[in-house]
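These notes are about the structure you will find just below.
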Amino acid sequence: MKIAIYSRKSKTSDKGESIDNQIHMCKEYANTHFDAPEFSIFVDEGFSGGTTNRPQFKILIDELKKGLYDVLICYRLDRISRNVSDFASTLDILTQHAIGFVSIKENFDTTTPMGRAMIHISSVFAQLERETIAERVTDNLLELAKLGRWLGGTSPLGYKGKKVAYQSNGKTKHYSVLEQDLKTAPTVKLIFDKYLELGSISKVETYLMQNGIKTSNQAHFRSNVIRNILINPVYATADASIYEYFHKLKCILPKPKEEFDGSYGLMPYNRNKKGKGNLQNPPDKWIISLGTHQPIISSLDWIKVQKQLKANSDLAYSNASASPALLSGLIYCKHCGAPMQVSGKGVLVNGTVCYNYRCTTKTKSRGKLCSIANISKGYAIDTLVIKRIRAMLENETALIKELKKHKQDLTFKIDTVEKEKVRIKEELQSNTTTISSLIKKLALFDDSTMEHYIQDEVKALHSKNSVLKKQLDELQNSSVNQDYSLANIELTLHSLKEFNELIDYATLHQKKTLMHNLIKRIEWDGENIDIFFYFLQSPL
């Protein structure tokens, strides 16, 4: 029986849970419970359990993946990791390679039925951690939603970002709001009007192309860009009708209905999954608040557009979901940047469903604006992409290494921010308690000198609390993107983990979802393809 023993201690010590004591107890357990154990010892001394970036632990994981051991033993669970997700990941590796796991202190032994049940319990805790992150994101966004702030990034067409100055700790800082851009707002209005008139995104796209109406970057409006404009609540008037619309969708509405009086536009938060392009969260995760900007579209017209989009989507769903093309919505023309659409469907003699990918600009302009070659064997390209992903997963390639590094860095940053938020809240509470105590004392003194002293002290503490509250607000703002990114990395790692298992046996819809969770876009140059993965800078 080949036994791996792992021992870790943050600081060198000869007391209690020293390295030698841990190893001795692990060996005693193995000699008692297993036949003829052969030991390999892995020791990390002076390393924290908050990270898996430990030299001997890395070597251990590599050897476990090669199946070199039958059982892994440690003195206590937190010797492996204090992070629930990292611990669950280690258990996943052990399970995949049929390696038992023993933690002496907690009597955790996966070579027994009760120990195996503990694996499921650890998975529950990992899920709990993910849900806690999601709750923290929502809480932070709700605080920002009350202020109607624009969180930054590219402003929606029709608007531009405007910085608002405020003082914090003696320094001038800024946050952003939206204001209407008189040059581009009419284009947004035209797109909504034309959609209500023509009833189809593709017809609006053709109309804009034929009339030379382009984006701010002088590019042709593509169907996905038009759709993103049409579904964006930021353009709608914030009145009672729009409140009822989002209330029925069970969206989070941090402002009361009476404040939706038609004076401003809407400020939506948490609609899209961070870093995942156009993938949306379910409506009950959306936060719909009031902005400080002027709306472009009436609430009734905006709602009419949503109903028309839904009707069109329902009609097209059966054809779209039945399409065997896994890369539809992901593959783009490298020449003009337009998406490639599926065309020319048929069935070969051997029963293979065949189809082409064709540049939409080439189709709509009849070859005048783009003449790139079609992908004549779309099914072959789909298969090629799957093979590339599988080859990438055979070893820990750049994508996986980058994801894990991002996760480790973000986890550290989030922990640091959360600790600082706790510290500030404690200091605020302490200052508030002190202010209350000083005010009570003030009533007991007749000495004017003492009264002035206490009043000055109260003013100083009050001023300090104002600074602390602004710092807390800034930390809450900064942690939103960090939490989003961490949750997104977890999703991508999970999708990579399940890819080989699911891609051959999943339903067509599940396969497409898996591809969209991993791939940001694919570019076709007429001869070759480049695959761009989330979190990876260079294509494969």
Inset, instruction - Would you point out the residue of the range 150-163, among those that are in a loop (DSSP other than H, G, I, E, B) and modelled with pLDDT of 80 or more, that is nearest to the chain's Cα centre (by Cα)? - result: Thr154
Inset, instruction - Would you be able to tell me the number of residues in the range 171-214 that are over 19 Å from Cys370 (Cβ atoms), at pLDDT 85 or above and not aromatic (Phe, Trp, Tyr)? - result: 25
Inset, instruction - Scan the range 209-252 for residues that are surrounded by 18 or more Cβ atoms within 10 Å (Cβ to Cβ) and either not in a helix (DSSP H, G or I) or not assigned by TED's automatic domain parsing to the domain that holds Ile297 (or both) and report the count. - result: 10
Inset, instruction - Working only within the range 255-266, note down all residues that are touching a helix residue (DSSP H, G or I) at 6+ places or on another chain (Cβ under 7 Å) and buried (at least 16 other Cβ atoms within 10 Å of the Cβ). - result: Phe260, Gly265, Leu266
Inset, instruction - Test Lys285 against the stated conditions and say whether it is of a type in the set (Lys, Arg), in contact with a helix residue (DSSP H, G or I) (Cβ under 9 Å, 6 or more places away or on another chain) and over 30 Å from Ala338 (Cβ atoms). - result: yes
Inset, instruction - Could you figure out which of (1) β-branched (Val, Ile, Thr); (2) closer than 30 Å to Thr363 by Cβ; (3) assigned to a strand (DSSP E or B) isn't true of Ile288? - result: (2)
Legend entry - Test: residue in the range 33-42 that is surrounded by fewer than 15 Cβ atoms within 10 Å (Cβ to Cβ) and without any contact (Cβ under 8 Å) to a residue 12 or more places away in the chain: no
Legend entry - So Ile287, is it in contact with an Asp or Glu (Cβ under 9 Å, 6 or more places away or on another chain), surrounded by 18 or more Cβ atoms within 10 Å (Cβ to Cβ) and modelled with pLDDT under 90: no
Inset, instruction - Pull up the range 351-375, narrow it to residues that are within 16 Å of Ile522 (Cα to Cα) and over 33 Å from the mean Cα position of the chain (by Cα), then point me to the one that is surrounded by the fewest Cβ atoms within 10 Å (Cβ to Cβ). - result: Ala373
Inset, instruction - Spot the failing condition for Leu60; the list is (1) in a helix (DSSP H, G or I); (2) loosely packed, with under 14 Cβ neighbours inside 10 Å; (3) modelled with pLDDT of 85 or more, and only one is missed. - result: (2)
Legend entry - Where a residue in the range 55-84 is at positive phi and its partner, wherever it lies, is surrounded by 19 or more Cβ atoms within 10 Å (Cβ to Cβ) and of a type in the set (A, V, I, L, M), with Cβ under 8 Å and at least six apart: Gly67/Ile99
Legend entry - Test: residue in the range 444-462 that is among the small types (Gly, Ala, Ser) and modelled with pLDDT of 70 or more: yes
Legend entry - Criterion: under 16 Å from Leu309 (Cβ atoms) and either of a type outside the set (Gly, Ala, Ser) or modelled with pLDDT of 90 or more (or both) - qualifying residue of Asn270, Asn217, Asn278: Asn278
Legend entry - Any pair with Cβ under 6 angstrom, 6 or more apart, that starts in the range 288-306 at a residue that is assigned by TED's automatic domain parsing to the domain that holds Phe246 and ends at one that is hydroxyl-bearing (Ser, Thr, Tyr) and in a strand (DSSP E or B): Pro295/Thr237; Ser298/Thr237; Ser299/Thr237
Inset, instruction - Tell me, please, whether a residue that is in contact with a Ser or Thr (Cβ under 7 Å, 6 or more places away or on another chain), in contact (Cβ under 8 Å) with a residue 60 or more places away in the chain and on the phi > 0 side of the Ramachandran plot can be found in the range 212-226. - result: no
Inset, instruction - May I ask you to list the residues in the range 174-192 that are free of Cβ contacts under 8 Å to residues at least 12 places away in the same chain and surrounded by 11 or more Cβ atoms within 10 Å (Cβ to Cβ)? - result: Pro186
Legend entry - the range 369-395, residues that are modelled with pLDDT under 80 and either of a type in the set (Gly, Ala, Ser) or under 30 Å from His220 (Cα atoms) (or both): Ala391
Legend entry - Only listed residue being in a strand (DSSP E or B) and either not charged (D, E, K, R) or not assigned by TED's automatic domain parsing to the domain that holds Thr111 (or both), chosen from Leu72, Leu68: Leu72
Inset, instruction - From (1) assigned by TED's automatic domain parsing to the domain that holds Lys183; (2) more than 30 Å from Leu182 (Cα to Cα); (3) modelled with pLDDT of 85 or more; (4) not hydroxyl-bearing (Ser, Thr, Tyr), pick out the condition that doesn't hold for Cys333. - result: (1)
Inset, instruction - List every residue pair whose Cβ atoms lie under 6 Å apart, where the two residues are 6 or more positions apart in sequence or sit on different chains, the first residue falls within the range 236-257 and is over 18 Å from Gln280 (Cβ atoms), and the second residue, located anywhere, is surrounded by fewer than 18 Cβ atoms within 10 Å (Cβ to Cβ) and of a type in the set (Gly, Ala, Ser). - result: Thr237/Gly262; Thr237/Ser298; Asp239/Gly262
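The values are calculated or read from the model by the stated rules, or taken from the named source; none is laboratory data. All values reported here derive from a predicted model rather than from experimental measurement. All Cβ positions, even for glycine, are placed from backbone atoms using ideal geometry, and neighbour counts span all protein chains on display.
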